[in-house]
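Some notes on the structure that comes next.
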Amino acid sequence: MVAFNSLVALLATVPLILAHPGENVEAIKAEMVKRNAQHAAATRSLSECQNSAEALALRERSAARRAAKVTELRRKRGLTTEPLSHRKRDLTSLEYWTQQNHNESGLSYTLSTPETTIFASNNTCALVPETTIGPYYVTGEQIRSNITEGQAGVPMHIELQFVDMNTCSPVSSLLADIWHCNSTGVYSGIDTSEGEGGLNSTFLRGVQVSDDEGAVAFDTLFPGHYDDRVTHLHLVIQTNSTILPNNTYTGGTTLHVGQIYFEDALVEAVEATSPYNTNTIAFTTWEEDGWMLEEATTDYDPFVEYVQLSGNLEDGLLAWITVAVDLSSDHSANLTAAAHYYGTGGVAVSGSSKGLPPSNPNAS
């Protein structure tokens, strides 16, 4: 059983002050120093509990759950006779990690390989403070697991599991709010004047509440790309929120805001498929994305783990990560929205069309 490594870590560790182009480089560097100190402290906390009986049992249950889900997804898509496609990536730098392989589908596994073996890896990253949320956050999104809304792209079932960084115990009742652009780089929930999908659109946005195992799961699509950013998915984690009768939520304490990343080989393969290959926005690699480059350390790998449901990428993916959270953190003051929805129609935030505070000199 693979121990709680810090593989996957850029998941929410990239603060959203670094989320989009035009940010102040000195502010980014200062944030990185803060982030690295916080991550080191969190890693020490995790190391004290990662091999406890409770943590080991949780990893075993997680592997079984992921194995059951991939079996279900393959059955629904008529792929039961297709071999699972899966490689395993194992940093001195981000460059090292980009040369590793996170695809758990191609490690010479066969149809007789126990799926619990494939899904045993349960790499864990520690979330750290951020200072400013980046563009395109919309409050009041729907609590739902399927967020595709008929958008085209490579299907992706993604599981996020949350554990307490001090105890390695699963954390239930957290609200995980995710959003990402579509295959051609367009975000929902943002005015069309910004080149996005419109205030009343909700595709590829949704919220789930973590269960007793600390897990949430979404059926979505693999994200596309847009100006000056490497491919990513956004995440906000809330606690003590109020779920409204119309299946949205309000209030609560923001434990973290961040992003999830995907390895180069997977991104390149997806970008070659339709409709990703019709995207006219120039593609940005991690070498060109200064935020991601600054984020890399020798302590952790910035990419999720995944399997392809078959040898054909367009049949879909199952991706997963385990995230260690600091339950004493509170970043609510940094949560600035681009728009509000709450199931009644989108309303833009005056002076903050992209979700950056009006006082921020880099806001546009």
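The table that follows gives values for the structure above.
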| quantity | calculated |
| --- | --- |
| Residue among Y187, Y136 that is part of a loop (DSSP other than H, G, I, E, B), within 13 Å of A338 (Cα to Cα) and out of contact with any Leu (no Cβ under 9 Å at 6 or more places or on another chain) | Y136 |
| Identity of the residue in region 296-315, outside any strand (DSSP E or B) and within 26 Å of L58 (Cβ to Cβ), that ends up modelled with the highest pLDDT | L309 |
| Per-region count, region 200-214, residues within 13 Å of the chain's Cα centre (by Cα) and either among the aliphatic types (A, V, I, L, M) or at pLDDT below 95 (or both) | 2 |
| Any hit, region 338-346, residues being of a type outside the set (D, E, K, R), modelled with pLDDT of 70 or more, under 18 Å from I158 (Cβ atoms) and surrounded by 24 or more Cβ atoms within 10 Å (Cβ to Cβ) | no |
| Count of residues meeting criterion [part of a loop (DSSP other than H, G, I, E, B), out of contact with any helix residue (DSSP H, G or I) (no Cβ under 6 Å at 6 or more places or on another chain) and buried (at least 24 other Cβ atoms within 10 Å of the Cβ)] in region 197-224 | 2 |
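The values are calculated or read from the model by the stated rules, or taken from the named source; none is laboratory data. Model, not experiment: these values are computed from the prediction. Cβ atoms come from the backbone with ideal geometry, glycine included; neighbour counts cover every protein chain shown.
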